[in-house]
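Worksheet for the structure shown next.
The values are calculated or read from the model by the stated rules, or taken from the named source; none is laboratory data. The structure presented is a predicted model; accordingly, all values stated were derived computationally and were not measured. When we count neighbours, we look across all protein chains shown, and the Cβ atoms used for this are built from the backbone with ideal geometry, even at glycine. When the accessible area is computed, the model is the full protein with side chains, heavy atoms only, and any ligands, DNA or RNA have been set aside. Shrake-Rupley method; radii C 1.70, N 1.55, O 1.52, S 1.80 Å.
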Amino acid sequence: MALSLLAFVGGGVVGGALLVLREAGGGRSWAARAVAAYVQLFQGTPLLMQLFLAYFGIALFGIKTSAWVAASVALTLYTSAF
């Protein structure tokens with residue numbers, strides 16, 4: 001339940017920031033294209049793959065993280081794309 005709430009709130013905050021960034025650019029700027037690429041990337045890949053990449057991919061950079069943190073990050077990024 002806590003993970004769902006964190007993903008919902010975090011996704012709303014990140015999604016709102018992406019919206020402001022996209023609209024501030026006027027629709028044809030580099031920011032709008034970057035946000036569109038972000039949305040396509042996260043909507044086009046399966047959530048399970050994103051969860052695996054968040055948990056095992058962060059460890060490749062030498063950063064130790066718990067499964068809860070990795071899942072929170074992955075679910076927040078996934079939610080913000082929608």
Could you give each residue of region 53-67 its phi-based ³J(HN,Hα) in whole Hz, using Karplus coefficients 6.51, -1.76, 1.60 with θ = phi - 60°, and x for Gly or Pro? 5, 5, 6, 7, x, 5, 5, 5, 8, x, 9, 7, 9, 8, 5
Per-residue counts of other Cβ atoms within 10 Å, averaged by peptide: what ranking do you get for 42-48, 70-76, highest first? 70-76, 42-48
I need to check one value: relative contact order of region 30-82, counting alpha carbon pairs closer than 8 Å and at least 6 residues apart, in percent. 46
At 1.4 Å probe size, with every protein chain present, just tell me what the per residue accessible area of the chain comes to in Å². 70
Two-decimal Rg/Rh across the chain, once Rg and the Kirkwood Rh are taken from alpha-carbon atoms: 1.02
For the full complex of protein chains and a 1.4 angstrom probe, list 53, 21 by accessible area with the highest value first. 53, 21
